[in-house]
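K.L.:
Dropping a structure here in structure tokens format, bear with me for questions.
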Amino acid sequence: LRIANELYLKRLIVGGFDGVYEFAKDFRNEGMDRTHNPEFTVMEIYVAYKDYFWMMDFTARIIQKVATDLHGTTKIQVGEKEIDFGNFSRMTMFEAIEKYTGINIGGMDEKQLREVCKKLHIEADDSMGKGKLIDEIFGEKVEEHLIQPTFIYDYPVEMSPLTKKHRSNPELTERFELMVFGMELGNAYSELNNP
């Protein structure tokens, strides 16, 4: 049972294909909750010579197309809320944290992040490093507010060690997650291609 179809697809890119994708069943034993099922269907896509900005645009276009083809509109009712897949916003992770907490965590070290967690009443144990602390702040104080389609991008390097480093800030990576209705719907990044 595969945990990802990544390696098969990357071999095809290395072999000379410019773009490949697959819809696949994946199986992961990483715990279950209302947003994580150990057996799920995923679409993975790899396109040579493209970056995370291209992938954000592609992701928005494909979701808009599917919504329109299935529902005749990009507006979908989910419970009490209407989600508009015709309008995707973008925020860096640090911008989103500042917007919903009022705190700019850019450039903070681990000790300062622990103080932020304490101030925001977020549990942080001694095993958590800088990346996990930022992830906890984001998860506890930001995710629930991201109802409309929002690309959260430019993740700290501690949270994405296998992702391509940011082109202008070595503390960040070129990664994004698509958040809708307070949940992650997609994750992508510029591929690490420096041997």
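The values are calculated or read from the model by the stated rules, or taken from the named source; none is laboratory data. Only a predicted model underlies this, so the values are computations on that prediction, with no experimental measurement involved. Cβ placement follows ideal geometry from the backbone for every residue including glycine, while neighbour counts extend to all protein chains displayed. Surface areas here come from the heavy atoms of the whole protein model, side chains and all, with no ligands, DNA or RNA. Shrake-Rupley method; radii C 1.70, N 1.55, O 1.52, S 1.80 Å.
K.L.:
Filter the stretch 136-174 for residues that are at pLDDT 95 or above, of a type in the set (Asp, Glu) and in contact with a strand residue (DSSP E or B) (Cβ under 9 Å, 6 or more places away or on another chain) and give the result.
P.N.:
GLU143, ASP154, GLU174
K.L.:
Checking ARG28 against (1) in contact with a Pro (Cβ under 7 Å, 6 or more places away or on another chain); (2) at pLDDT 90 or above: exactly one of these is not met. Which one?
P.N.:
The failed condition is (2).
K.L.:
Quick one: is GLU115 open to solvent by 40 Å² or more (accessible area, probe 1.4 Å), modelled with pLDDT of 95 or more and assigned to a helix (DSSP H, G or I)? Give the steps one after another, and end with the answer.
P.N.:
Working: open to solvent by 40 Å² or more (accessible area, probe 1.4 Å): yes; modelled with pLDDT of 95 or more: yes; assigned to a helix (DSSP H, G or I): yes.
Against the criterion (open to solvent by 40 Å² or more (accessible area, probe 1.4 Å), modelled with pLDDT of 95 or more and assigned to a helix (DSSP H, G or I)), GLU115 qualifies.
K.L.:
Ok, one more. How many of the residues making up the stretch 13-55 are more than 13 Å from GLU191 (Cα to Cα) and free of Cβ contacts under 8 Å to residues at least 12 places away in the same chain?
P.N.:
Going through the stretch 13-55 one residue at a time, the tally reaches 11.
K.L.:
Contact list please: Cβ distance under 6 Å, first residue in the stretch 184-195 and over 16 Å from VAL47 (Cα atoms), second residue open to solvent by 60 Å² or more (accessible area, probe 1.4 Å) and of a type outside the set (A, V, I, L, M, F, W, C), pairs at least six apart or on different chains.
P.N.:
none
K.L.:
Are any residues in the stretch 2-44 assigned to a strand (DSSP E or B) and open to solvent by less than 40 Å² (accessible area, probe 1.4 Å), and if so, which ones?
P.N.:
Step one: list which residues in the stretch 2-44 are assigned to a strand (DSSP E or B), which gives 19-27, 33, 36, 39-44.
Across the stretch 2-44, the qualifying residues are VAL20, ALA24, ASP26, VAL42, GLU44.
K.L.:
Could I ask something else about it? May I ask you to say which residue of MET128, MET108, MET179 is open to solvent by less than 60 Å² (accessible area, probe 1.4 Å), touching a helix residue (DSSP H, G or I) at 6+ places or on another chain (Cβ under 8 Å) and either closer than 30 Å to ILE62 by Cα or in contact (Cβ under 8 Å) with a residue 60 or more places away in the chain (or both)?
P.N.:
Numbers: MET128 fails: either closer than 30 Å to ILE62 by Cα or in contact (Cβ under 8 Å) with a residue 60 or more places away in the chain (or both); MET108 fails: either closer than 30 Å to ILE62 by Cα or in contact (Cβ under 8 Å) with a residue 60 or more places away in the chain (or both).
MET179 is the lone residue from the list that is open to solvent by less than 60 Å² (accessible area, probe 1.4 Å), touching a helix residue (DSSP H, G or I) at 6+ places or on another chain (Cβ under 8 Å) and either closer than 30 Å to ILE62 by Cα or in contact (Cβ under 8 Å) with a residue 60 or more places away in the chain (or both).
K.L.:
State whether one or more residues within the stretch 68-90 are open to solvent by less than 70 Å² (accessible area, probe 1.4 Å) and of a type in the set (Asp, Glu). Spell out the reasoning first.
P.N.:
Step one: list which residues in the stretch 68-90 are open to solvent by less than 70 Å² (accessible area, probe 1.4 Å), which gives 68, 72-74, 76, 78-79, 83-86, 88-89.
Now restrict to residues that are of a type in the set (Asp, Glu): 84.
The answer is yes; a qualifying residue exists.
K.L.:
Now, a different point. Working carefully through the options GLN148, GLN77, find the one that is assigned to a loop (DSSP other than H, G, I, E, B) and under 21 Å from MET179 (Cα atoms). Working first, answer last.
P.N.:
Working: GLN77 fails: assigned to a loop (DSSP other than H, G, I, E, B).
Of the residues listed, the single one that is assigned to a loop (DSSP other than H, G, I, E, B) and under 21 Å from MET179 (Cα atoms) is GLN148.
K.L.:
Now for a different question. Filter the stretch 1-28 down to residues that are among the β-branched types (Val, Ile, Thr) and closer than 10 Å to ILE45 by Cα, then give me how many there are.
P.N.:
Count: 1.
K.L.:
Please state which one of GLU98, GLU82 is closer than 30 Å to ARG61 by Cβ, assigned to a strand (DSSP E or B) and free of Cβ contacts under 8 Å to residues at least 40 places away in the same chain.
P.N.:
GLU82
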